[in-house]
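Enquirer: Next up is a structure, given as structure tokens.
The values are calculated or read from the model by the stated rules, or taken from the named source; none is laboratory data. Only a predicted model underlies this, so the values are computations on that prediction, with no experimental measurement involved. In this analysis, Cβ positions are derived from the backbone assuming ideal geometry, glycine residues included, and neighbour counts consider all displayed protein chains.
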Amino acid sequence: MPATRPTARTVILVVFASALLAAHASGHGPTSTSGAAPAKIIFPVIGAVTYSDDFGEPRAQGGHPGNDILAHRRAPVVAVEAGRVVFWTRSASAGCMLYLYGRSGTTYQYIHLNNDLTARNDNQGGCIAGVAYAPGLGDGQSVSGGELIGYVGDSGDADGRHPHLHFELHPGDGKAVSPFPWLQDGERLVHPLSQPSSSSALR
């Protein structure tokens with residue numbers, strides 16, 4: 001009995017499945033599968049920025065687990081998707097940072113947020129709302145996509161260097177993958193879509 005030849009549709013499905021698996025394995029491609037990061041996010045910084053795919057580059061502590069987004073000091077930082085924010089202020093290297101636990105199940109890390117009270121590197125502020133975090137934002141509060149959550153700075157071991165946001169993306173709250181494809185395709189805002197409110201309900 002002669003062997004059955006694969007149909008064109010079968011070949012296309014196999015190629016598509018292989019491409020998805022390769023992208024997932026490399027950590028370099030947005031997917032919309034369950035437990036993965038959303039196919040599209042809101043770009044985390046508003047205004048003029050410079051960034052590259054520096055994920056995995058050598059650093060003193062090991063491979064760089066995110067992308068550095070250089071911007072002006074106190075440039076607005078927004079939630080890339082709806083979720084819940086948790087402040088983290090107990091790291092000398094990260095400085096003022098927060099976690100965004102996205103509705104998709106993805107965890108995002110925002111590191112080196114502002115700790116300056118003036119336009120200079122004065123280190124006179126703290127990891128508090130109105131300085132590092134958006135005014136009125138509370139630890140554990142639910143936020144909307146595009147909502148103001150903080151400001152770019154140089155806290156932690158970025159002190160004295162160009163202000164930037166170290167941004168990490170962890171699909172399914174797992175291992176960090178390069179955020180670069182999501183940043184490249186991210187929705188750029190000209191201003192935050194909303195400001196923090198006292199409501200703690202997930203919107």
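Enquirer: Among the residues of the stretch 106-123, count how many are surrounded by 14 or more Cβ atoms within 10 Å (Cβ to Cβ) and either hydroxyl-bearing (S, T, Y) or within 28 Å of A39 (Cβ to Cβ) (or both). Lay out the reasoning, then the answer.
Expert: Looking only at the stretch 106-123, we keep the residues that are surrounded by 14 or more Cβ atoms within 10 Å (Cβ to Cβ), and these are 106-116, 121, 123.
Remaining after also requiring either hydroxyl-bearing (S, T, Y) or within 28 Å of A39 (Cβ to Cβ) (or both): 106-113.
Going through the stretch 106-123 one residue at a time, the tally reaches 8.
Per-residue answers, yes or no, for (1) assigned to a loop (DSSP other than H, G, I, E, B); (2) buried (at least 21 other Cβ atoms within 10 Å of the Cβ); (3) not aliphatic (A, V, I, L, M):
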{"site": "G125", "(1), (2), (3)": "yes, no, yes"}
{"site": "G140", "(1), (2), (3)": "yes, no, yes"}
{"site": "V152", "(1), (2), (3)": "no, yes, no"}
{"site": "D157", "(1), (2), (3)": "no, no, yes"}
{"site": "H191", "(1), (2), (3)": "yes, no, yes"}
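Enquirer: When the residues of the stretch 132-179 are narrowed to those that are modelled with pLDDT of 95 or more and of a type in the set (V, I, T), which ends up farthest from L70 (Cα to Cα)?
Expert: V143
Enquirer: Filter the stretch 79-98 down to residues that are in a strand (DSSP E or B), on the phi < 0 side of the Ramachandran plot and in contact with a His (Cβ under 9 Å, 6 or more places away or on another chain), then give me how many there are.
Expert: Of the residues in the stretch 79-98, 2 are in a strand (DSSP E or B), on the phi < 0 side of the Ramachandran plot and in contact with a His (Cβ under 9 Å, 6 or more places away or on another chain).
Enquirer: List the number of the failed condition for G145; all other conditions in (1) more than 17 Å from T107 (Cβ to Cβ); (2) in contact (Cβ under 8 Å) with a residue 24 or more places away in the chain; (3) small (G, A, S) hold.
Expert: (1)
Enquirer: Take S104 and decide whether it is under 15 Å from the mean Cα position of the chain (by Cα), part of a loop (DSSP other than H, G, I, E, B) and polar (S, T, N, Q). Spell out how you get there, then give the answer.
Expert: Values: under 15 Å from the mean Cα position of the chain (by Cα): yes; part of a loop (DSSP other than H, G, I, E, B): yes; polar (S, T, N, Q): yes.
Spelling it out, S104 is indeed under 15 Å from the mean Cα position of the chain (by Cα), part of a loop (DSSP other than H, G, I, E, B) and polar (S, T, N, Q).
Enquirer: Please work out which one of (1) touching a Phe, Trp or Tyr at 6+ places or on another chain (Cβ under 6 Å); (2) at negative phi is the condition D116 fails and give its number.
Expert: The failed condition is (1).
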